[in-house]
2 protein chains.
Amino acid sequence: MINSFLMVGQSNMAGRGYLKDVKQIYDEHIKMLINGRWQTMTEPINFDRPTAGIGLAASFAGAWRLKNENGQIGLIPCADGGSSLDDWEVGGALFENAVFQAKAAQRMSTLSGILWHQGENDSFVGRSAVYYDKLDVIVDAFRRELGVPDIPFIAGGLGDFLTRGRYGQYFTEYNAVNQSLQKFAETRPNAYFVTAAGLKANQDDLHFDAVSQRKFGTRYFEAFFEKRSVMIPPDNENELVNIIQDRALTPKEQTALLEISFAAGKISLSDLEGELALINIK
Amino acid sequence: MINSFLMVGQSNMAGRGYLKDVKQIYDEHIKMLINGRWQTMTEPINFDRPTAGIGLAASFAGAWRLKNENGQIGLIPCADGGSSLDDWEVGGALFENAVFQAKAAQRMSTLSGILWHQGENDSFVGRSAVYYDKLDVIVDAFRRELGVPDIPFIAGGLGDFLTRGRYGQYFTEYNAVNQSLQKFAETRPNAYFVTAAGLKANQDDLHFDAVSQRKFGTRYFEAFFEKRSVMIPPDNENELVNIIQDRALTPKEQTALLEISFAAGKISLSDLEGELALINIK
């Protein structure tokens, strides 16, 4: 049986880290939902924009796998760049899409958690003041519509870099949103907050970079696994990310990646056949 | 109002052409449905696999735009690599996903056509013999569930290269599938066949290359526009593809592409600002 996790929020949940900056995570036991079916996860998982890249879900899944040696995990990508809480209103397009995808996944898995990262687009013109109440309505509705009243809800904080960069004027209330997310975790059942302290951004000072997203995912997993908020960056997160990324691939996984490289035109037919022969010899 | 088109089938509808082999098509009036909302189309449109690339839908939309100067077109990507007709059975995951996405699009557009390319995975072990009947059930169900009984259904042929390559043994009946698709167009209302004659493949002899997909899209549009099957490659298709690809970008489109390049880490902040200044001067 697959344990599945719903990915909802805006661009930093979808992921905007650059693929070139981290090692690939590829594990047959980690799936993603595409067109209503499971396939082995590759990144970008949540293809909401042409800029989609590395998010936190892959290393979350990798950390989950370290605690579930024979288990399978499935990710349900529904995050959408630039979306505000109003864009996530109950009955709206994003909400309805996420409910549809999650219900499709529930036919083939146990929905086990909701991973949320959102708030940049509620960090100005007074929106932060109503963040808690609006979020409460949305999370309640997800739990009710999906029939999972006690499902863990894990929300990460916004990055401290937001007010610095090119788009900084739009994030003056980011700290108030972070306080609302923390308060939500403190006051609502099975809700946990994950600090973004120490995490870094791309050159846009808007999106977590790939290395930071890898760390963030392990923090999300710690919150899920320990059933508590993570307020201080864990000491061992770099080590944990390395363990996840350096996991040895099985011959079947090596073969699948070679077939992908071939189909994508990155290696020639003779390279493919040579590499496959080497795998089969081992 | 947007005229929308449902993209269904397997990998050659999703698209596996290499992005580097053709010029980008970017036009604010061409949209794609992601997470239940429209956004300006970029390729890959139909992100079903890590190998997703150039398909036929972008140049189909570009050709549509040449005949609809002020119109907007929306693409609904639901194709899934390697899927057989059995995978598309009514009530199955792929069918239900496509119906959900098309209904979401119908709230914001007029569903105007179904673009189909599929059959490679029904080209062996006798499957081709039941292709017509199985397809008939699926197309009927789409038309009925979406409330569009007369909607044009456009299906392209399978490539003549299929039996040649690394995977050739799986496509021995590809010609029988092509005959079934032609018969379908001849005998069923508002159904059209589009020849794949002359189109070429990637090194895998499995997927149409990007240049061929561009041509294929204009053939699909000719079938849609003329309401007849296209049995012979049009003489002017290269010229038509060039016109579509060489369309001058508006300043707003140039700005959007620069913002994407910046967010993706392909250009620096100073490059972005320099380029934006040049656009604003013009």
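Odds and ends about this structure:
This table checks each residue for (1) within 12 Å of the chain's Cα centre (by Cα); (2) over 16 Å from A:GLU253 (Cα atoms); (3) not β-branched (Val, Ile, Thr).
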site: A:TYR26; (1), (2), (3): no, no, yes
site: A:ILE30; (1), (2), (3): no, no, no
site: A:THR42; (1), (2), (3): no, no, no
site: A:PRO50; (1), (2), (3): no, yes, yes
site: A:ILE54; (1), (2), (3): yes, yes, no
site: A:LEU75; (1), (2), (3): yes, yes, yes
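- Scanning the range B:88-113 for residues that are within 9 Å of another protein chain (Cβ to nearest Cβ) and farther than 18 Å from A:GLN101 by Cα returns B:ARG107, B:MET108.
- Residue satisfying all of: in the range B:23-52; of a type in the set (Asp, Glu) and open to solvent by less than 20 Å² (accessible area, probe 1.4 Å); nearest to the other protein chains (Cβ to nearest Cβ) among these: B:ASP48
- Scan the range A:155-182 for residues that are open to solvent by less than 20 Å² (accessible area, probe 1.4 Å) and within 20 Å of A:ALA14 (Cβ to Cβ) and the total you get is 11.
- Residues satisfying the stated conditions in the range B:114-138, i.e. within 14 Å of chain A (Cβ to nearest Cβ) and in contact with a strand residue (DSSP E or B) (Cβ under 8 Å, 6 or more places away or on another chain): B:GLN118
- Test: residue in the range A:225-233 that is open to solvent by less than 40 Å² (accessible area, probe 1.4 Å), at pLDDT 95 or above and among the aromatic types (Phe, Trp, Tyr): no
- For B:ASP140: the one exception among (1) under 24 Å from B:ALA176 (Cα atoms); (2) open to solvent by 40 Å² or more (accessible area, probe 1.4 Å); (3) touching a residue at least 12 places away in the same chain (Cβ under 8 Å); (4) part of a helix (DSSP H, G or I): (3)
- B:ALA185 being aliphatic (A, V, I, L, M), within 30 Å of A:ASP271 (Cβ to Cβ) and surrounded by fewer than 23 Cβ atoms within 10 Å (Cβ to Cβ): no
- With respect to the conditions (1) open to solvent by 10 Å² or more (accessible area, probe 1.4 Å); (2) in contact with a helix residue (DSSP H, G or I) (Cβ under 6 Å, 6 or more places away or on another chain), A:MET1 falls short on a single one, namely (2).
- Scanning the range B:123-137 for residues that are of a type in the set (A, V, I, L, M) and surrounded by fewer than 18 Cβ atoms within 10 Å (Cβ to Cβ) yields B:VAL125, B:ALA129, B:VAL130, B:VAL137.
- Every residue from the range A:6-15 that is under 19 Å from B:ASN46 (Cα atoms) and either assigned to a loop (DSSP other than H, G, I, E, B) or more than 10 Å from chain B (Cβ to nearest Cβ) (or both): A:GLY15
- Matching residues, the range A:73-119, being out of contact with any helix residue (DSSP H, G or I) (no Cβ under 9 Å at 6 or more places or on another chain), closer than 24 Å to A:VAL194 by Cβ and open to solvent by 40 Å² or more (accessible area, probe 1.4 Å): A:THR110
- Those residues of the range A:214-257 which are acidic (Asp, Glu), touching a strand residue (DSSP E or B) at 6+ places or on another chain (Cβ under 9 Å) and farther than 21 Å from A:HIS117 by Cα, in sequence order: A:GLU253
- Identification of helices (runs of 4 or more DSSP H) wholly contained in the range B:167-282 with 1 or more residues that are free of Cβ contacts under 8 Å to residues at least 24 places away in the same chain, away from every other protein chain (no Cβ under 14 Å) and not hydroxyl-bearing (Ser, Thr, Tyr) yields B:174-187, B:210-226, B:237-245, B:269-281.
- Of the listed requirements (1) closer than 19 Å to B:TYR220 by Cβ; (2) of a type in the set (Gly, Ala, Ser); (3) within 16 Å of the chain's Cα centre (by Cα), B:GLY71 misses just one: (3).
- Test: residue in the range A:189-206 that is farther than 26 Å from B:GLY265 by Cα, open to solvent by 30 Å² or more (accessible area, probe 1.4 Å) and at pLDDT 95 or above: yes
- Contact annotation: residue pairs with Cβ atoms under 8 Å, 6 or more positions apart or on different chains, pairing a residue in the range B:71-88 that is farther than 14 Å from B:ILE34 by Cα with a partner that is part of a helix (DSSP H, G or I) and of a type in the set (Asp, Glu), are B:ASP80/B:ASP87; B:SER84/B:ASP122; B:LEU85/B:ASP122.
The values are calculated or read from the model by the stated rules, or taken from the named source; none is laboratory data. Since we're looking at a predicted model, the values are computed, not measured. Virtual Cβ from ideal backbone geometry, glycine too; neighbours counted across all protein chains shown. When the accessible area is computed, the model is the full protein with side chains, heavy atoms only, and any ligands, DNA or RNA have been set aside. Shrake-Rupley method; radii C 1.70, N 1.55, O 1.52, S 1.80 Å.
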